[in-house]
Amino acid sequence: MIDGDSIVIRKTQVRLFGVDAPEMNHPYGKKAKWALVSLCKGQTVRAVISEKDAYGRTVARCYLPDGRDLSAEMVKLGLAIDWPKFSRGIYRAMEVPDARKKMWLADARQKGRMHVWEQFDYNEMRKKKAG
């Protein structure tokens, strides 16, 4: 597992289709990663590739052996949010209450407010230098 919305299958980085989870250095980022690890551990994940994203990563719908969609499971756990630009909103109804408030950085990115993301990263860098 790379983070809460990216896994590696046979040496290929795969981005989960249609959802956005916090980055590792953002609030809930580590929790999202470990939830995905827990879902997948000991399981064979089946990936149905849909496209390559702007960063060259493979995007796929990923399924557990029992048929559960990993994107849907992460949204239901409250550790990822629907990304309607890519999903056409298929996971939105699965979002837990206040998921977008909890994952405010992911929500800001989806809305094109990258200055919010950049300010968070800047503040985190300053904290590390001061500490």
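The values are calculated or read from the model by the stated rules, or taken from the named source; none is laboratory data. Here the structure is a predicted model, which means the values were calculated and not measured. So basically every Cβ, Gly included, is an ideal-geometry build from the backbone, and we count neighbours across all protein chains shown. We work out accessible area using only protein heavy atoms, side chains counted, and drop any ligands, DNA or RNA first. Shrake-Rupley method; radii C 1.70, N 1.55, O 1.52, S 1.80 Å.
Points worth noting:
- Per-residue ellipticity at 222 nm computed for the chain from its helices equals -10500 deg cm²/dmol, with DSSP H segments shorter than 4 residues left out and the rest contributing -39,500 (n - 2.57).
- Listed pairs 30/85; 33/102; 41/85; 52/102; 33/101 exceeding 22 Å between Cα atoms: 30/85; 41/85; 52/102
- Using θ = phi - 60° and Karplus 6.51 cos²θ - 1.76 cosθ + 1.60, couplings along segment 22-33 (whole Hz; Gly, Pro as x): x, 5, 4, 8, 9, x, 6, x, 5, 4, 5, 4
- A straight Cα-to-Cα reach below 16 Å connects residue 31 with the aspartates and glutamates 3, 5, 20, 23, 73, residues fewer than 8 places away in its own chain not being considered.
- Given the choices (1) 36, 35, 29; (2) 46, 29, 28; (3) 42, 30, 28, Cα extents along the principal axes in Å derived from the coordinates of this structure is entry (2).
- Efficiency of FRET from Cβ geometry, residue 31 and residue 118, R₀ 25 Å, rounded to 0.05: 0.65
- When a 1.4 Å probe is rolled over the protein heavy atoms, the share of accessible surface on segment 1-98 that falls to carbon and sulfur comes to 53 percent.
- Most mobile listed residue (43, 110, 119) in the chain, GNM with C-alpha springs under 10 Å: 119
- Of 93, 21, 60, the one that fluctuates the most in a GNM where the chain has Cα springs shorter than 10 Å: 93
- Stretch gain in nm, segment residue 85-residue 12, where the contour uses 0.36 nm per residue and the Cα spacing is subtracted: 23.9 nm
- Per residue, in Å², the accessible surface of segment 24-115 once ligands and nucleic acids are set aside, probe 1.4 Å: 59 Å²
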